[in-house]
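One structure is given below, encoded as structure tokens.
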Amino acid sequence: MGREREAVGQYEKIAELGAGTKEILQKLIAYYEQMQLYDKAISHYNNLIELNPSDANTYYRLGMIHLKVGDRNSAKRAFIKATLVDNMQWDAYMALGQIYEQEGNLNEALGAYQKAESINPTEEIQKNIKRVKEVIKTTSRINFTLEEASQLIYKSDINALEEVYRELEGLQNTYPEKTTIANTLRKVMGRLYELWLFRGDELKRNPKDLQLAINAYEKSVLYAQTQIERAKALKFRSEAAIALGIKIRAETILDHAEEELKRNNPREARENLVAFLKIDPSWQTTREPRVLEKLIHLKCFLGERTISSES
């Protein structure tokens, strides 16, 4: 080891005088790489390039040393220079593809890998090409879905928005680390919550659509993201369910009144009609034409004055 250091010292003195040959510089580089003294190795690589600027392999090896010390930009410049000096330097293209892939520049990575494959079609390069193609395809799918979601959020197309929601949910399960997917998914959920709540409010106005209103509120519960939102949707669902129960009960009593009238039991018919009016004196749950027709017929036949006084 002592003799090796002594030789290195002699080589350094020669190099400092600017008289270092290719062999001397290569020996210095090899020693410093072995000792992991990469800064000194890089310095002598640069001296070697000055001595022979047309050696593509020197640029490639310099790039690999830059990667070892974590200097990706300098490594990339060295690899690019290697390919410019010799466009058949496949390992430089391979290294460039790996750097581009790490940077997220997938199209550049694919181009570099394909160039390397055209020179030296190894199994490793082909695997890299396949992987990058799949990532590009997936990235394109993600970007398309995110763009579609960003547009639909401001519209009222529930079906289209729910389809995008399912797509985003699947993407998030596959790529949980991508915050853009999670953030967009939350926005879509918020919009669906609002839309289903609004639809429930609209349907609730018509008694015949109360069940549909309940279904809408149940959907809004699914998209609630906070306890407050969930409680609000459940409250509206409960109110609609109560209204539906009253409607069903009122119509059942009215049907009984009609049956009693057909059986020539006016007293029982009148009692049922009075009970109906007590449940819903303003007829709010029976706006359907067939129910109104039935109600008016019974009131006329039995005598509205009598019924009103009894109710």
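The values are calculated or read from the model by the stated rules, or taken from the named source; none is laboratory data. Since we're looking at a predicted model, the values are computed, not measured. For neighbour counting, all protein chains shown are included, and Cβ atoms are generated from backbone atoms with ideal geometry for every residue, glycine included.
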Q: Please find, among Ile158, Ile153, Ile99, the residue that is at negative phi and not assigned by TED's automatic domain parsing to the domain that holds Glu194.
A: Ile99
Q: With respect to Glu194, determine if the residue is surrounded by fewer than 19 Cβ atoms within 10 Å (Cβ to Cβ), at pLDDT 95 or above and either charged (D, E, K, R) or touching a helix residue (DSSP H, G or I) at 6+ places or on another chain (Cβ under 6 Å) (or both).
A: yes
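Does Ile248 fit the bill of being among the aliphatic types (A, V, I, L, M), within 18 Å of Lys208 (Cα to Cα) and surrounded by fewer than 16 Cβ atoms within 10 Å (Cβ to Cβ)? Can you show your working first?
Working: among the aliphatic types (A, V, I, L, M): yes; within 18 Å of Lys208 (Cα to Cα): yes; surrounded by fewer than 16 Cβ atoms within 10 Å (Cβ to Cβ): yes.
In short, yes.
Within the stretch 101-150, track down each residue that is aromatic (Phe, Trp, Tyr) and more than 21 Å from Tyr60 (Cβ to Cβ).
Residues of the stretch 101-150 aromatic (Phe, Trp, Tyr): 113, 144.
Within the stretch 101-150, just Phe144 meets the criteria.
Under the condition of being surrounded by 12 or more Cβ atoms within 10 Å (Cβ to Cβ) and part of a loop (DSSP other than H, G, I, E, B), which residue from the stretch 6-37 is modelled with the lowest pLDDT? Reasoning before the result, please.
In the first step, residues of the stretch 6-37 are kept if they are surrounded by 12 or more Cβ atoms within 10 Å (Cβ to Cβ); the result is 7-8, 11-12, 14-15, 20-22, 24-33, 35, 37.
Narrowing the set further to residues that are part of a loop (DSSP other than H, G, I, E, B) leaves 20-21, 35, 37.
Values: Gly20: 53, Thr21: 69, Met35: 79, Leu37: 82.
Out of the qualifying residues, it is Gly20.
For every residue, the table says whether it meets (1) over 30 Å from Thr138 (Cβ atoms); (2) crowded, with 19+ Cβ neighbours inside 10 Å.
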{"position": "Asn46", "(1), (2)": "yes, no"}
{"position": "Leu51", "(1), (2)": "yes, no"}
{"position": "Gly70", "(1), (2)": "no, no"}
{"position": "Lys81", "(1), (2)": "yes, yes"}
{"position": "Leu84", "(1), (2)": "yes, no"}
{"position": "Trp90", "(1), (2)": "no, yes"}
{"position": "Glu101", "(1), (2)": "no, yes"}
{"position": "Glu108", "(1), (2)": "no, no"}
Q: Return a yes/no flag: does the stretch 199-215 have any residue that is within 30 Å of Val135 (Cβ to Cβ) and touching a Lys or Arg at 6+ places or on another chain (Cβ under 8 Å).
A: no
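Could you check the stretch 194-230 and list, in sequence order, the residues that are over 27 Å from Leu152 (Cβ atoms) and part of a helix (DSSP H, G or I)?
Pro207, Lys208, Leu210, Gln211
Which one is farthest from the chain's Cα centre (by Cα) among residues in the stretch 55-98 that are of a type in the set (S, T, N, Q), farther than 18 Å from Ala30 by Cα and in a helix (DSSP H, G or I)? Before you say what the answer is, go through the steps one by one.
To start, the set of residues in the stretch 55-98 that are of a type in the set (S, T, N, Q) comprises 57-58, 73-74, 83, 87, 89, 98.
With farther than 18 Å from Ala30 by Cα added as a condition, the list becomes 73-74, 83, 87, 89, 98.
Remaining after also requiring in a helix (DSSP H, G or I): 73-74, 83, 98.
Working: Asn73: 31, Ser74: 35, Thr83: 38, Gln98: 26 Å.
Out of the qualifying residues, it is Thr83.
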Q: Within the stretch 250-263, identify whether any single residue is at pLDDT 90 or above and not basic (Lys, Arg), and answer yes or no.
A: no
